[in-house]
Amino acid sequence: MSSPALVRHPEDSMPATAIAKAGPAPAVTPPVTPPSFGTLALRWYRLNQGRLRATAIGIMSLLAFLLVWHLLTTYRVVFFVRFINVPTPLEVYASFAKAIHDPKFLMHIALSCRRIFIGFSLAALVGVPLGLIMGRFKLVHEIIFPVAEVLRPIPAIAWVPMAIMLWPTNEQSIVFITFLGSFFPILVNTLHGMSLVDPVLVRAAQCLGARERSIFREVYFPASLPHIFTGLTVGMGVAWVSLIAAEMISGQYGIGYFTWEAYSLVQYADIALGMIAIGVLGLGSSLLIRGAGHLVMPWRSTR
């Protein structure tokens, strides 16, 4: 018999409870197409628009500086300031192209970087813990702070004769002067960071049963990190100033000595090359510290 009433389908033979458990048929989701390259580039541009703008303005500023420098030195302008003997950018570039292949110039840079690394590292290893301890314990602050305040205003160049008498070699005396130059900014900024720690956070940690070591590690140190890295950045700049002064007076190698020797030999292009090398090295060191600060403190907004 071919009557439709007598034809049985499989779902008609299933009980109602089985149909209810089976539920509706799963919906078929269409395949997700990956975003195009143009979309990704537009997203990246929107996320980094501020940085790209700052980079573009910085490049334009440097180009404008080079243009003004070229015009003033090419036409030997004399207007209160004399640009008669100042080398042109092209002359400095020619000196750089010659010096970059000179092992002696590279040795000057390497020695200066090594002195900076040793002196700054010692200053950070001493200044940061000492600042934390002085900020936490009043008695230690009362003992050390007056001595530090007397020594802090003494410029690095005034320490050169004393450093030569204190240390047996010129190398050690230059590292010592570099250490002093970066030590006091690190110490003062660490103290300032400790003074700004919210006492409510300290009392809350004490109420939760935290001991002194835990309070230092979990409250004081993280709260002082922004000021510590500010001190490290400032200390790095002062360390380069101190190093160059020491190398010019008592050094026999280093980028400061290279610059002073160029002045003594009336090599004006090398003078400008030494100054630019000092600026680039100082900028690179500060960028390294700021990069480390962004890694240690990812919660801080970057500019």
So, first residue touching a residue at least 12 places away in the same chain (Cβ under 8 Å) in segment 264-283, second residue surrounded by fewer than 17 Cβ atoms within 10 Å (Cβ to Cβ) and not in a helix (DSSP H, G or I), Cβ within less than 8 Å, six or more apart or across chains; the pairs are Tyr268/Asn85
Picking from Val128, Val160, which residue would you name as being within 21 Å of Ile289 (Cβ to Cβ), open to solvent by less than 60 Å² (accessible area, probe 1.4 Å), part of a helix (DSSP H, G or I) and of a type in the set (A, V, I, L, M, F, W, C)?
Val128
Looking for something in contact (Cβ under 8 Å) with a residue 60 or more places away in the chain and surrounded by fewer than 15 Cβ atoms within 10 Å (Cβ to Cβ) - is there at least one such residue anywhere in segment 163-175?
no
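Every residue in segment 76-94 that is part of a loop (DSSP other than H, G, I, E, B) and charged (D, E, K, R), please.
Arg76
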Scan (1) within 30 Å of Glu261 (Cβ to Cβ); (2) open to solvent by 40 Å² or more (accessible area, probe 1.4 Å) for the single condition Met236 breaks and write down its number.
(2)
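One line per residue, one yes/no per condition, for (1) surrounded by 12 or more Cβ atoms within 10 Å (Cβ to Cβ); (2) without any contact (Cβ under 8 Å) to a residue 24 or more places away in the chain; (3) in contact with a Pro (Cβ under 7 Å, 6 or more places away or on another chain); (4) not aliphatic (A, V, I, L, M):
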site	(1), (2), (3), (4)
Lys98	yes, yes, no, yes
Asp102	no, yes, no, yes
Cys113	yes, no, no, yes
Ala124	yes, no, no, no
Gly135	yes, no, no, yes
Ile143	no, yes, no, no
All but one of (1) under 28 Å from Thr88 (Cβ atoms); (2) modelled with pLDDT under 90 hold for Ala277; state the number of the condition that does not hold.
(2)
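The values are calculated or read from the model by the stated rules, or taken from the named source; none is laboratory data. Please read all numbers here as calculations on a predicted model, not as lab measurements. No Cβ is skipped: glycine too gets one built from the backbone with ideal geometry, and neighbour counts run over all protein chains shown. When the accessible area is computed, the model is the full protein with side chains, heavy atoms only, and any ligands, DNA or RNA have been set aside. Shrake-Rupley method; radii C 1.70, N 1.55, O 1.52, S 1.80 Å.
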